[in-house]
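Okay, structure first, notes after.
The values are calculated or read from the model by the stated rules, or taken from the named source; none is laboratory data. Computed from a prediction, not measured in an experiment: that's the story for all the values here. Reconstructed Cβ throughout: ideal geometry from the backbone, glycine too, with neighbour counts over all protein chains shown.
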Amino acid sequence: MNSRLEERLNDLKSSFPEMPGGFRQALMTAARSVKEERKMKRFTLRTALIAALLIIATMTAALAATDALGWTDFFIRYETTVPKAAQEIINATEEKSYQVGPLTFTVKQLLCDGHLTMSTTDIRTTDGSEALYCFDPGESLDCNGQNGNALANRLGLPPETTYTEAARQLNLPLYCPRAILIPAEEYNGGEEMEDPLWNEDNTMTYFSMAYLDQDQAKGLDALPTEILLRVSQIDPETGEEKEDSRISKREPIEIPVQGVIAEKDYAPVEPFILNGYTLVSVHAEQTVAGLYLDRTYEAGEEAKKIFEAADAETAFDIICGLWKGAWVQEDGKGFPEGISLSGEYDDKDYPILHFRDMISVDEMPQTLILETDDQQVTLK
């Protein structure tokens, strides 16, 4: 890479402080890949977008009236729904409980569709005694938005109280637990997200989602995974982990893989060109988790010249200009966002570009409408 391009990349990093660095770096890498023998064939936005969307999720997630929270509660508050087929599967999970130090971890929901796998784990004290649970002892109770504010209200403390201060004031033990789903290495896509929410009885529900190497996972009947269960106790006086309090276990779990339900290739009803790129087709793959949509664009001659001569910032804008857009139903209503929370971009066939995103549906739609840049294209 020449020094000028390196400077542009460094400038770009500081120009967008609100964007997670991994997101921008991934886009910058892909943007220059066509000029550097396309060493980076594919990248995903999941890590960055999940980090951003989890902020929304935890700000708005409401507490379930009874029982522990689940994936439906996690997604529904920002207009992302879990398809009915997935709900049935995760709710039919055979619960498994594991004792780790003073806590019991109960794995309550599991799902794998060959693209992603996810788990929900309920965490509480084994003896039923009251305790506080945190993701970071230095955070305030309200860092989790409405969910955290509800916790503060139940504890009778100001929302800005930190977990360490709350444990000290209430004379309660403070634990930092985690429950992370880890696919076997050969199937691991290398990305995951995790996030906790607090239940009405102040216990914790821990959410974990991991992304798979789809080529390797294809055709699997069951996905071999481990769930990493870990707990440490925090000293309320210092905010530090108590000596020798960290305990970890790795428990093997096999998760049935729910295969592809249906596939369909959509074609534009009439030619659609966006920024010099022609939308060729959209391949849809339906699983119990939702509908994965793979958009294929082909660059026109002028667009190829512009992209290959572009600096990183311009290439970034070109990629984002093609990626954006909303999937709309025939009645004009938008489809709910898919539970993968993100998508993929692949340039290995350049000047053909592939973009993947996901919507939440129970049935394969007959028609898709893509709205972008004040344009609309119907696909059937």
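Selection over region 311-360 of residues that are at pLDDT below 90, over 27 Å from M193 (Cα atoms) and not aromatic (F, W, Y) gives a count of 7.
Annotation: T164 fulfils all but one of (1) crowded, with 18+ Cβ neighbours inside 10 Å; (2) part of a loop (DSSP other than H, G, I, E, B); the unmet one is (2).
The residues listed here are G190, G156, G145; of these, the one that is at positive phi and modelled with pLDDT of 95 or more is G156.
Annotation: of all residues in region 142-161 being part of a helix (DSSP H, G or I) and of a type in the set (D, E, K, R), the one that is farthest from the chain's Cα centre (by Cα) is R154. Determine whether region 328-346 contains at least one residue that is aromatic (F, W, Y) and more than 20 Å from the chain's Cα centre (by Cα). The answer is no; no qualifying residue exists. When you go through K304, K264 one by one, which is the residue that is of a type in the set (K, R), in a helix (DSSP H, G or I), surrounded by fewer than 20 Cβ atoms within 10 Å (Cβ to Cβ) and more than 23 Å from the chain's Cα centre (by Cα)? None of the other options fit; the residue is K304.
Does region 167-204 hold any residues that are part of a strand (DSSP E or B) and of a type in the set (S, T, Y), and which are they?
Y175
The condition (being β-branched (V, I, T), within 26 Å of the chain's Cα centre (by Cα) and modelled with pLDDT of 95 or more) is satisfied by just one residue among I123, I90: I123.
Scanning region 307-357 for residues that are assigned to a strand (DSSP E or B) and more than 16 Å from E79 (Cβ to Cβ) yields a count of 8. A Cβ distance below 6 Å, combined with a sequence gap of six or more or placement on separate chains, defines the contacts here; from region 87-99, residues that are in the same structural domain as M118 (by TED's automatic domain parsing) reach residues that are assigned to a strand (DSSP E or B) and among the basic types (K, R) in the pairs E95/K108.
Could you say whether any residue in region 192-209 is aromatic (F, W, Y), in contact with a helix residue (DSSP H, G or I) (Cβ under 9 Å, 6 or more places away or on another chain) and farther than 21 Å from S97 by Cβ?
There is no residue in region 192-209 that is aromatic (F, W, Y), in contact with a helix residue (DSSP H, G or I) (Cβ under 9 Å, 6 or more places away or on another chain) and farther than 21 Å from S97 by Cβ.
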